[in-house]
């Protein structure tokens with residue numbers, strides 16, 4: 001199982017490379033929920049740095065695209081040169097078609113966030129000749145293991161970080177500020193929380209970026225106690241450091257790399273970053289109850 005991480009500062013790639021096998025980087029014209037939006041020249045620097053360090057590098061292009069945006073995506077990918085990257089992470093089937101038309105289907109990684117919950121869904125994608133896909137965030141460890149045992153593609157999974165639970169293409173914070181006749185100074189800010197009146201003890205991180213508005217789980221999902229099981233079935237485990245920093249990513253990556261649960265260090269992290277860890281949905285089945 002390979003370990004990937006997001007990153008804020010390209011200058012930290014060398015330090016992070018001691019613990020990870022690759023990096024996720026992107027530009028906010030095509031990617032969303034990014035730790036940092038890198039310009040095309042900086043993306044090329046990041047790609048060059050990763051290859052110098054003998055690490056893998058993946059472009060995050062996970063927006064939902066209109067037809068016009070797909071044309072811009074095509075131009076962007078040609079400019080980057082897909083020969084230089086290991087993969088492109090997308091959430092839009094149209095983006096997969098763009099990558100296929102460029103002759104790089106085997107570098108596409110499909111991440112529709114919540115849709116891929118069973119072996120049939122994953123293996124159906126083999127017809128597209130893509131590299132791999134992300135397993136849905138809301139399925140149990142038992143289901144992940146069963147899916148991983150029967151998959152025909154590379155399996156990706158978010159292994160640590162705040163999981164995104166709500167997404168709207170609307171700029172909801174901007175709409176709110178406009179309604180109150182105030183300037184929106186909160187766009188792309190990563191220190192915002194939304195608090196429900198009846199759940200004040202669980203503030204949810206909220207982010208408004210170019211692609212829309214996103215609300216994340218209040219707790220940090222941590223899979224570190226289950227690496228022995230996951231490494232058999234998951235090909236790529238992702239550390240998502242959004243709302244944190246590269247020092248956080250490095251500390252987390254070191255533990256995941258060494259398969260060491262350092263409880264004292266974990267408590268220090270929880271205190272420093274004011275966070276609570278849990279196991280997400282690994283032991284919690286999603287149940288929909290009908291009204292009445």
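The values are calculated or read from the model by the stated rules, or taken from the named source; none is laboratory data. Please read all numbers here as calculations on a predicted model, not as lab measurements. Ideal geometry is used to build each Cβ from the backbone, glycine not excepted, and the neighbour counts take in all protein chains shown.
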Practice task
Output yes when any residue across region 96-103 is more than 18 Å from residue 135 (Cα to Cα), in contact with a strand residue (DSSP E or B) (Cβ under 8 Å, 6 or more places away or on another chain) and surrounded by fewer than 22 Cβ atoms within 10 Å (Cβ to Cβ), and no when none is.
Solution key: yes
Exercise for the section: Return yes or no: is residue 84 over 22 Å from residue 242 (Cα atoms), modelled with pLDDT under 95 and in contact with a helix residue (DSSP H, G or I) (Cβ under 9 Å, 6 or more places away or on another chain)? Expected result: no
Problem - Number of the condition not met by residue 219 [criteria: (1) surrounded by fewer than 19 Cβ atoms within 10 Å (Cβ to Cβ); (2) in contact (Cβ under 8 Å) with a residue 40 or more places away in the chain; (3) within 21 Å of residue 143 (Cβ to Cβ); (4) over 17 Å from the mean Cα position of the chain (by Cα)] - result: (4)
Problem - Test set (1) in contact with a helix residue (DSSP H, G or I) (Cβ under 7 Å, 6 or more places away or on another chain); (2) in contact (Cβ under 8 Å) with a residue 40 or more places away in the chain; (3) within 21 Å of residue 95 (Cβ to Cβ) - residue 153 fails condition number - result: (2)
Completion exercise
Counting only residues in region 57-79 that are touching a helix residue (DSSP H, G or I) at 6+ places or on another chain (Cβ under 8 Å) and crowded, with 19+ Cβ neighbours inside 10 Å, the one nearest to residue 22 (Cα to Cα) is identified as 57
Exercise for the section: Select, from 267, 202, the only residue that is without any contact (Cβ under 8 Å) to a residue 24 or more places away in the chain and in contact with a strand residue (DSSP E or B) (Cβ under 8 Å, 6 or more places away or on another chain). Expected result: 202
Practice task
Kindly indicate whether any position in region 161-177 is surrounded by 21 or more Cβ atoms within 10 Å (Cβ to Cβ), touching a residue at least 24 places away in the same chain (Cβ under 8 Å), under 28 Å from residue 215 (Cα atoms) and out of contact with any strand residue (DSSP E or B) (no Cβ under 6 Å at 6 or more places or on another chain).
Solution key: yes
Exercise for the section: Restrict the check to region 16-38 and report whether at least one residue is loosely packed, with under 15 Cβ neighbours inside 10 Å and over 30 Å from residue 145 (Cα atoms). Expected result: no
Exercise for the section: Those residues that are free of Cβ contacts under 8 Å to residues at least 40 places away in the same chain and surrounded by 20 or more Cβ atoms within 10 Å (Cβ to Cβ), I need them from region 108-124; list them, please. Expected result: 108, 110, 116, 122
Exercise for the section: Evaluate the following for residue 155: is it modelled with pLDDT of 95 or more, touching a strand residue (DSSP E or B) at 6+ places or on another chain (Cβ under 7 Å) and surrounded by 15 or more Cβ atoms within 10 Å (Cβ to Cβ)? Expected result: yes
Exercise for the section: Select, from 268, 262, 245, 228, the only residue that is within 21 Å of residue 7 (Cβ to Cβ) and surrounded by fewer than 18 Cβ atoms within 10 Å (Cβ to Cβ). Expected result: 245
Practice task
Please enumerate the residues belonging to region 125-144 that are buried (at least 16 other Cβ atoms within 10 Å of the Cβ) and assigned to a helix (DSSP H, G or I).
Solution key: 125, 128, 141, 143, 144
